[in-house]
Each structure stands twice: as structure tokens, then as C-alpha cells.
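Following: one structure in C-alpha cells, then a few remarks.
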Amino acid sequence: MPTLRLPLSEWNHRRLLNENRAQALQRLYARKDAVDDLIRALEQYQELKPIHHGECVTLSATKCS
């Protein structure tokens with residue numbers, strides 16, 4: 001099988017390109033994991049949040065004397 005010989009500058013360029021792609025993919029997976037965690041947390045919050053069907057009250061911040 002013939003060996004592919006590339007000039008050093010071309011080899012370095014391809015190596016850097018591959019490293020950049022791998023790092024970008026790693027960042028995307030990290031973001032995907034963070035989004036999955038956020039979705040899971042929001043779903044749990046929705047399940048645990050008590051449902052209030054009572055009367056609404058108006059709150060105000062007034063200074064008491």
C-alpha cells in the first residue's frame with residue numbers, strides 16, 4: 001500500500017482542522033447535555049408544582065406606619 005506523503009504545512013493544516021472539528025463536536029455534545037438537563041429539570045418542576053385553583057390575591061409593597 002503506498003504511503004501518502006504530504007508537505008509538513010499541509011499535514012499541520014489538516015491536523016489542526018481535525019482538532020478544531022473534534023473540539024467543536026465536543027462543545028456541541030456538552031451543550032446538548034446541558035439542554036437535556038434543563039429539559040429534564042423543567043419537566044420535573046412541572047410534575048412537582050402544585051396546581052392552585054383558588055382565588056387570586058393582589059399583593060402590594062406598601063410601607064406600614
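Between Asp37 and Leu59, the contour length at 0.36 nm per residue exceeds the alpha carbon distance by 4.5 nm. Gain on full extension, evaluated as 0.36 nm per residue between Arg14 and Tyr45 minus their Cα-Cα distance, stands at 6.5 nm. Note on Arg5 and Tyr29: the model spin-label points, each 7 Å out from Cα along the C-beta direction, lie 3.7 nm apart.
Taken together, the values in this text are just the output of simple stated rules run on the coordinates, not laboratory data. What you see is a predicted model; the values in this text were computed from it and never measured. In this analysis, Cβ positions are derived from the backbone assuming ideal geometry, glycine residues included, and neighbour counts consider all displayed protein chains.
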